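The structure under discussion appears below in the form of structure tokens.
Taken together, the values in this text are just the output of simple stated rules run on the coordinates, not laboratory data. Only a predicted model underlies this, so the values are computations on that prediction, with no experimental measurement involved. Quick reminder, even Gly has a Cβ in these numbers, built from the backbone with ideal geometry, and neighbours come from all protein chains shown.
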Amino acid sequence: MDDLKFLLAYGILAGVLFASIRKALHDPKSDNIPIVGSSGFLSSYRDALKFMHHAAELTQRGYDQYPNGIFRIARLFRWEYVVTGPRLIKDIAGAPEHVISFVEGVAENIQTKYTMGRDIAANHYHQQAIRTTLTRNLHTCFPDVRDEIISAFDEVLQLGSEWKSVTVLPAMMEIVARVSNRLFVGLPLCRNKAYLSNNVEYTIDVMRSAAIIGLFPPFLRPLIGPIVSGNLKSFQAAMKFLGPILEERLKKEEELGPDWPGKPNDLISWMLEIAEGEQRTVNPLALRILSTNMAAIHTTSMAFTHALFDLTTHPEYLLPMREEAERVIKEEGWTKAALNNMVKIDSFFRESQRINTLGPLGMPRRVVAKEGFRFSDGTVLSEGSYLSIAVLATHKDDSKYENAATFDGFRFSRERTEHMEHHDPGSNQDIFKRQMISTAVDHLPFGTGKHACPGRFFAATELKAMMAHLVINYDVEAEAKGVRPPDRVFGAMISPNEAGKVRFRKRQ
Ligand code: HEM
């Protein structure tokens, strides 16, 4: 459908649906939950449109008024219930899936049913493989990760001793896609440019289709969804690459058994160890490789890009991180365990993730229990309510972080050192809480609780190894001294500037 026809159809439908939207916005059980913005029908509709460009301001306004409670903001066809404060965040983090659903919350954002199919929402064995086998294999597979980082930096950045400007986000997307796929599908596919860019395209395809479907009221989505996202081109393209490999693996298992000699140690094998019945066929396996790429590539490359923009805006951090990386590698060599001792680099990422969240809101959920959900302060959200957490406002709260608005790259490594000096070194509990991978009610880049990102151990290993490689081997500086390329804001999503550049050169 071309754009004009699409807009026309949408305009007519919007008119017809006017009255039903009003009904959808009214929920008597939640009438006592304060509204940030307007409560009138037309004005709340205007607020919903405003949310697309001012989500962070609206959320911050709500957070300032209700720092330990729940407020609501109008979205196009529903209310968004925004939760703040440690007590209520804990309520969400600990709630079971059949009461407050992660899957249904995410489904609203990516329209899973139409963009990726019902099966992926119903069966999560790839997440189990990431949480267990992939994470356990990080030590063993670290030499592969390291090898891929070296060749990807060389081939993607193509640097010599002269300064060169590089557009950071696309370059990091390529490097991260390669390094991640070294563990997901192995060599040689992890270096196939067409396969890698198709993975990036798949995520964009899904997000674009989801955004269009989300413009329609829920009852029209079963009609519109398949038209908008039917047979995503990038899924068909991915099958060209993944199909033959998966067929080969399935054939080998059938002929030689599950532990055949020379079986690769990668995500395909780890998924096959868990998958049962129908899931042990090419399409479901390919969809899960794509879905893992979707969860991994954009998030990790955005985190590295933000960190690089932070580093070049605050160049005073470069030498201490270089000194740390060189010292640790000299003492321990390039191992996963050595990364644990790079506390400054770890702290730098934790701080960068604190300041640069994926959006003002996080941890999207939907209440699915028939009786609704009662928070520990007595507030009730009825079945069907969509909720999320004011992540960015929490991270920028001065009562939780000293000078919260200021980027302080070593705030967490300092806290860890101070803790070591003043406490029994045997009681390590609190120190670990300040690591990049540790989630908390006031530190939510990876979420917290039951659905906290299972890929964060891999992401941290990859990001820290990339940063150590970078500071040891390259000089890096801002394109314009002291200027950080401004973030891009799309509705409730914040991304580092995709055109932002920094300058690199190989160290002499
Ligand atoms: C810096 C990089 C990353 C960030 C910032 C990130 C962030 C997140 C967040 C915020 C969630 C949702 C948590 C919630 O709502 O409670 C999540 C879930 C998830 N992430 Fe990540 N992630 C990253 C890297 C990765 C990687 C590398 C993988 C795969 C290897 C991965 C796989 C997943 C999966 C499978 C889920 C769904 C978990 C579930 O259903 O319980 N992520 N991630």
Set of lysines with alpha-carbon distance to Lys344 below 18 Å, sequence-local pairs under 8 removed | Lys330, Lys336, Lys433, Lys464
Mean Kyte-Doolittle of at least 1.0 plus a Cα span of 27 Å or more along the axis: flag which DSSP H helices in the chain meet both, please.
-> 3-25
Between segment 431-508 and segment 132-185, the Cα center-to-center distance that results, in Å | 14
In deg cm²/dmol, rounded to 500, what helix-only [θ] at 222 nm does the chain give when every DSSP H run of at least 4 residues adds -39500 (n - 2.57) and the total is split over its residues?
-> -17500 deg cm²/dmol
Between Asn340 and Glu316, the FRET efficiency computed from the C-beta separation at R0 = 22 Å comes out, to the nearest 0.05, as 0.35
Please check which bits of segment 270-312 a label hung off Lys263 would reach, taking the label as a point 7 Å along Cα-to-C-beta and the cut-off as backbone N under 12 Å.
-> 270-275
Using only alpha carbon pairs under 8 Å that are at least six residues apart, calculate the relative contact order of segment 3-506 and give it in whole percent.
-> 24
Ala452-Glu162 FRET efficiency (beta carbon distance; Förster radius 60 Å; 0.05 resolution) = 0.85
When DSSP beta bridges are limited to those with both residues in segment 3-506, what percentage is antiparallel, rounded to the nearest 5?
-> 85
Sorted by average packing, counted as other Cβ atoms within 10 angstrom per residue and highest first, what order do 208-219, 287-298 take?
-> 287-298, 208-219
Over 28 Å (Cα to Cα) among Lys193/Lys233; Lys50/Lys233; Lys193/Lys450 -> Lys50/Lys233; Lys193/Lys450
Kindly list the residues of segment 232-258 that lie in the label zone of Thr132, defined by a backbone N under 19 Å from the point 7 Å along the Cα-to-C-beta vector.
-> 258
Mind checking which lysines have their Cα closer than 25 Å to the Cα of Lys252? Skip sequence neighbours fewer than 8 apart in that chain.
-> Lys240, Lys263
Could you list the GluC sites (Glu not before Pro) in segment 93-166 that lie in coil according to DSSP, counting only those with at most 12 other Cβ atoms within 10 Å of their Cβ?
-> Glu162
Using 0.36 nm per residue of separation minus the Cα-Cα distance, give me the extension gain between Arg118 and Arg46 in nm, one decimal.
-> 22.6 nm
Once both label points are put 7 Å beyond Cα along the C-beta direction, the Lys330-Arg505 separation in nm becomes 2.4
Calc'd 3J(HN,Hα), segment 397-410, phi into Karplus 6.51 cos²θ - 1.76 cosθ + 1.60 (θ = phi - 60°), Hz, glycine/Pro = x, comes to 8, 5, 6, 9, 9, 5, 6, 4, 6, 8, 6, 10, x, 10
